[in-house]
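Structure first, then comments.
The values are calculated or read from the model by the stated rules, or taken from the named source; none is laboratory data. If you're wondering where the values come from, they're calculated on a predicted model, not measured in any experiment. Here the Cβ positions follow ideal geometry from the backbone for every residue, glycine too, while neighbour counts run over all protein chains shown.
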Amino acid sequence: MRVKIRLFAMFRELVGAKEMELHLEEGSSIFDALSKLCEMYGICNELFNEHGKLRDHVRVLRNGRGEELRSMLKDGDEIAIFPPAVGG
Amino acid sequence: MRALRYLKAELQSKGVRSPVRERMRGAGPAAGVTLVLGDTIANVPVTPHVADKSPYSIKRQEGKLFLKRGENLVLEVEIPSPKFYELKTRDGIPYKKVALLHGKDCLATTLIQKRIHWNAKRCKFCGIELSLQSGETIERKTPEQLLEVALAAKKEGVKHVTITTGTPPTRDKGILAAADAARLLKDEAKLDIHVQFEPPYDLSLLKDLKARGADTVGIHIECFDKRVLSEVAPAKAEMHNAYMRVWEEAVGIFGENQVSSYLIVGMGESDESVFDGCKVLAELGVYPFVVPFRPIPGTDFGKKMPPSYERMRALYEEVTTILRDAGLSWRKNKAGCVRCRACSALPDFEVGL
């Protein structure tokens, strides 16, 4: 399935793009999408802490709403990622 | 003389002792005086605990007003004094209780001077209900009253109108009442209209608002530091996620530069949160209206001081680069606080953009 990723502020700068499309396996979660971004762009330290949890205040929205990272994605979903100071 | 943008920013941080003052309470940056400074305009705090420490004062000499720093004359200033304040509506309400002049050409009203969050989760910086309690305004203004005032104000040079909804306990968050007022003002007074509201549950209301005449909207998160926002404006913190969707939707309907959000500096937030917040807003096409915190007597933050001039100047200079990259400018904004620019020096720092 295809998922649209939108990046803001420092994430946009780190990745060098404001949006992109990720190809994920059916049944993938938001966490899986973020993990793939980590692999592709080396932004693990910015997204996750040393325990593998999303950093405090990094904000991830799925289709405009805050959801658990384990939430399953559907084809065509949109994930927006905001920098630490913005979320909470 | 140094550039007026620096003077404006300094005045808004340090305040001024003035023989004239305007409303001391109400929504937005009250407790100030509006000064015409050359080709710009500034609303400057006059609250005694700020202004008494300021090097700036306004002196009247031979019928003119002068801004002085200590004993040194800085420049001649004007304080707008609308004649329509002396009038009353057909139903006997003083125009001044219906709407006020903001800056030099913006008429502003709080349509519903009540906020559902006032008792339990009020914003600590806001005095929206204090002006109602003191009798300076009325609880609800009708579109007809507003039109009467707007027509008189237009004769004195008013070009645009800011309508703040307040927040009634309805799902539309006051947008329907604002839309009714916007339609009448647009049709009959031919003024540009700005409407400010909280994120509504139903985003289709934004299209209705546009269809009825609103040109620009303000959806104000106030602060991007969630910890600070939770302490200072708990109701807004709870709907934090909703702002993103509403900003995006609003930009799609009203266009880039026509949607804005206040960002208040000086409530405990980091500079980083201001920059990141401005970037996010700018990337969405939303104008980040960065303003210095303004203490309003009677509010929880009534005794706090505004942020320093040095901090505001550095922030303004940095944020202008964000505006430039995003193609945003107050000059492209049609109505409301951004176009008025009295409460922020950010538009003045856009020089050269």
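Some observations on this one:
- Total residues in region B:49-103, condition over 27 Å from B:Leu7 (Cβ atoms) and of a type in the set (Gly, Ala, Ser): 2
- Whichever residue in region A:30-70 is of a type in the set (S, T, N, Q) and either within 14 Å of chain B (Cβ to nearest Cβ) or more than 27 Å from B:Ser230 (Cβ to Cβ) (or both) and, among such residues, is surrounded by the fewest Cβ atoms within 10 Å (Cβ to Cβ): A:Asn63
Table: residues versus (1) closer than 19 Å to B:Arg122 by Cβ; (2) without any contact (Cβ under 8 Å) to a residue 40 or more places away in the chain; (3) buried (at least 23 other Cβ atoms within 10 Å of the Cβ); (4) more than 14 Å from chain A (Cβ to nearest Cβ).
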| position | (1), (2), (3), (4) |
| --- | --- |
| B:Cys278 | no, no, yes, no |
| B:Phe289 | no, no, yes, yes |
| B:Ile296 | yes, no, yes, yes |
| B:Pro307 | no, no, no, yes |
| B:Glu318 | no, no, no, no |
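- Residue count for region A:58-80, restricted to those that are of a type in the set (Asp, Glu) and more than 24 Å from B:Trp247 (Cα to Cα): 1.
- Considering region B:305-353, the residues that are outside any helix (DSSP H, G or I) and among the aliphatic types (A, V, I, L, M) include one that is nearest to B:Cys278 (Cα to Cα), namely B:Leu328.
- If only residues of region A:71-88 that are at pLDDT 85 or above and within 9 Å of chain B (Cβ to nearest Cβ) are counted, the one that is surrounded by the fewest Cβ atoms within 10 Å (Cβ to Cβ) is A:Ala80.
- Residues in region B:252-276 that are free of Cβ contacts under 8 Å to residues at least 24 places away in the same chain and either farther than 29 Å from B:Leu209 by Cβ or among the hydrophobic types (A, V, I, L, M, F, W, C) (or both): B:Glu272 only.
- Options B:Glu272, B:Glu231, B:Glu248: the member that is modelled with pLDDT of 90 or more and either surrounded by fewer than 20 Cβ atoms within 10 Å (Cβ to Cβ) or β-branched (Val, Ile, Thr) (or both): B:Glu248
- Tally, over region B:212-265, of residues that are part of a loop (DSSP other than H, G, I, E, B), closer than 25 Å to B:Tyr316 by Cβ and more than 13 Å from chain A (Cβ to nearest Cβ): 6
- Residue identified as among the basic types (Lys, Arg), modelled with pLDDT under 95 and in a loop (DSSP other than H, G, I, E, B) among B:Lys96, B:Lys121: B:Lys121
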